[in-house]
Amino acid sequence: MAEQKVTTYTLRFKYEMSHATVQRLQADMPVSTHTLNKLCKILNCRVEDVIEYVPDEE
């Protein structure tokens, strides 16, 4: 986001993401594939650029 100069304010007001969704992104909490799709469109990137798979600890 920093490279694209997109702030959380921009996500909320320009791209109309909910406050709760932005908070989930900031807290590394689960988000929907719809949110990931929207974020990739905003940042003009691939999903691999915004997420990383980390398996659960057993």
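Compute the distance in nm between two label points, each set 7 Å from the Cα along the Cα-to-Cβ direction, one at residue 32 and one at residue 49.
If labels sit at residue 32 and residue 49, their model points lie 2.4 nm apart.
In square angstrom, what is the accessible area per residue of the chain with a 1.4 angstrom probe? Show your work: numbers first, answer last.
Numbers: 5030 Å² over 58 residues.
Here the per-residue accessible area is 87 Å².
Of the chain, which part is the longest with no trypsin sites (Lys or Arg not before Pro) in a loop (DSSP not H, G, I, E, B) and with at most 16 other C-beta atoms within 10 angstrom? Intermediate values should be presented prior to the final figure.
Working: sites that count: 5, 14, 46.
Answer - 15-45.
Straight distance only, please: which aspartates and glutamates reach the Cα of residue 41 with their own Cα at less than 18 Å, same-chain residues fewer than 8 apart left out?
Cα-Cα hits under 18 Å: 3, 16, 49, 52.
How tilted is helix 33-43 with respect to the longest principal axis of the chain? Cα atoms for both, answer in degrees (0 to 90, nearest 10).
Result, in degrees: 50.
Probe radius 1.4 Å, ligands and nucleic acids ignored: give me the carbon and sulfur share of the accessible area of the chain as a rounded percent. Walk me through the numbers before you get to the answer.
Details: 2470 of 5030 Å².
Solvent-exposed carbon and sulfur of the chain make up 49 percent of the total.
Per-residue ellipticity at 222 nm for the chain, helices alone: DSSP H runs ≥ 4 residues times -39500 (n - 2.57), over residue total, nearest 500 deg cm²/dmol? Mind dumping the intermediate values first?
Working: 3 runs with 25 residues, N = 58.
Only helices count here, giving -12000 deg cm²/dmol.
Lys and Arg at +1, Asp and Glu at -1: add these up for the other residues within a Cβ distance under 14 Å of residue 51 and post the number.
Working: positive: 24, 38, 46; negative: 28, 48, 49, 52.
Local charge sum for residue 51: -1.
The values are calculated or read from the model by the stated rules, or taken from the named source; none is laboratory data. As the structure is a computational prediction, the values presented were derived from the model and not from experiment. Note that each Cβ is placed from the backbone with ideal geometry, even for glycine, and that neighbours are counted across all protein chains shown. With ligands, DNA and RNA removed, areas are computed over all heavy atoms of the protein, side chains included. Shrake-Rupley method; radii C 1.70, N 1.55, O 1.52, S 1.80 Å.
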